[in-house]
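The values are calculated or read from the model by the stated rules, or taken from the named source; none is laboratory data. Everything numeric in this text was worked out from a predicted model, so none of it was measured. Cβ coordinates were reconstructed from backbone atoms using ideal geometry, including for glycine residues, and neighbour counts include every protein chain displayed.
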């Protein structure tokens, strides 16, 4: 710890709830951990020291005073005499007067890099530029300082979220199909609104499926969609319809009754020649062919 380096990041850097975890595979392969296994209480003391460093300001550092380190880690003086040399392996002095360890520094830089990218992403979302703090002093962005001696202890957060390099463009919502024949504008609008509330798209496949279910139920697509909207469900099948729903759906609507009455009046006025009512046939016409002559 004779060489003084530049501090790897600003003095006010804090964890701010960033979770600290241990990579047990790296810990198990660490030389420091292996040496600590030969001294009673050394391994638990190592874990305590890493945890305490994560709570410091700047995060991941320790004061350049072994007595203070011992006290913060709650290690008795008699025990420190034995475990101290193991615990201090790999720590180096920075120009801010604090001690740092390369492995913990790397985790802090990963945390800062994630925060920087999140700030940039939010800035792009707002249509502006986010204020991004400096990542480190004396190191390239997001990279730990080079070290000729490594005392990797395997500490790490282990939970660094994946970073999105670029904001993905918003996916365009597909246009809804046109209102089907035989469905009035109000029912279609209600159906579109229901699907929108359910975050369910309205596609040709959905409408074709609804048409097949309506045929299966023996009702019109208009009636099927009306029941769907009344129920307020995301989906509807013909088998789910209740008897009273089918009875109401199969009854003629006001529009159908009005059209039937109009057709009946036309049929009466034309003697049945023009009869557009359902289930009826136009009246047959008889033609009389006669030669006209004057009588009297």
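Scan 93, 99 and give me the residue that is in contact (Cβ under 8 Å) with a residue 40 or more places away in the chain, surrounded by fewer than 17 Cβ atoms within 10 Å (Cβ to Cβ) and more than 34 Å from the chain's Cα centre (by Cα).
On the way: 99 fails: surrounded by fewer than 17 Cβ atoms within 10 Å (Cβ to Cβ).
From the options 93, 99, the qualifying one is 93.
Residues that are assigned by TED's automatic domain parsing to the domain that holds residue 112 and farther than 25 Å from residue 9 by Cα: find the helices (runs of 4 or more DSSP H) completely inside the range 24-94 holding 3 or more of those.
On the way: elements: 24-29, 31-36, 42-54, 66-72, 77-87.
The qualifying helices (runs of 4 or more DSSP H) are 24-29, 31-36, 42-54, 77-87.
Which ones in the range 98-108 are farther than 18 Å from residue 55 by Cβ and either at pLDDT 90 or above or part of a strand (DSSP E or B) (or both)?
Residues satisfying the conditions do not exist here.
Having 3 or more residues that are modelled with pLDDT under 75 is the bar; report the helices (runs of 4 or more DSSP H) wholly within the range 131-235 that clear it. Quick ask: steps written out before the conclusion?
Values: elements: 185-197, 204-217, 221-231.
Qualifying helices (runs of 4 or more DSSP H): none found.
For the range 179-201, give me each residue that is over 23 Å from the mean Cα position of the chain (by Cα) and surrounded by 10 or more Cβ atoms within 10 Å (Cβ to Cβ). It would help to see each step written out before you state the result.
Within the range 179-201, the subset over 23 Å from the mean Cα position of the chain (by Cα) is 179-192.
Answer for the range 179-201, where residues must be over 23 Å from the mean Cα position of the chain (by Cα) and surrounded by 10 or more Cβ atoms within 10 Å (Cβ to Cβ): 179, 180, 182, 183, 184, 186, 187, 188, 189, 190, 191, 192.
Among (1) in contact with a helix residue (DSSP H, G or I) (Cβ under 8 Å, 6 or more places away or on another chain); (2) surrounded by fewer than 13 Cβ atoms within 10 Å (Cβ to Cβ); (3) modelled with pLDDT of 90 or more, where does residue 280 come up short?
It is condition (3) that residue 280 fails.
For the range 50-57, check the following and say yes or no: at least one residue is touching a residue at least 60 places away in the same chain (Cβ under 8 Å) and either under 41 Å from the mean Cα position of the chain (by Cα) or within 24 Å of residue 108 (Cβ to Cβ) (or both). Spell out the reasoning first.
Initial filter on the range 50-57 (touching a residue at least 60 places away in the same chain (Cβ under 8 Å)): 50.
In the following step, the residues that additionally are either under 41 Å from the mean Cα position of the chain (by Cα) or within 24 Å of residue 108 (Cβ to Cβ) (or both) were identified as 50.
Yes, the range 50-57 has at least one match.
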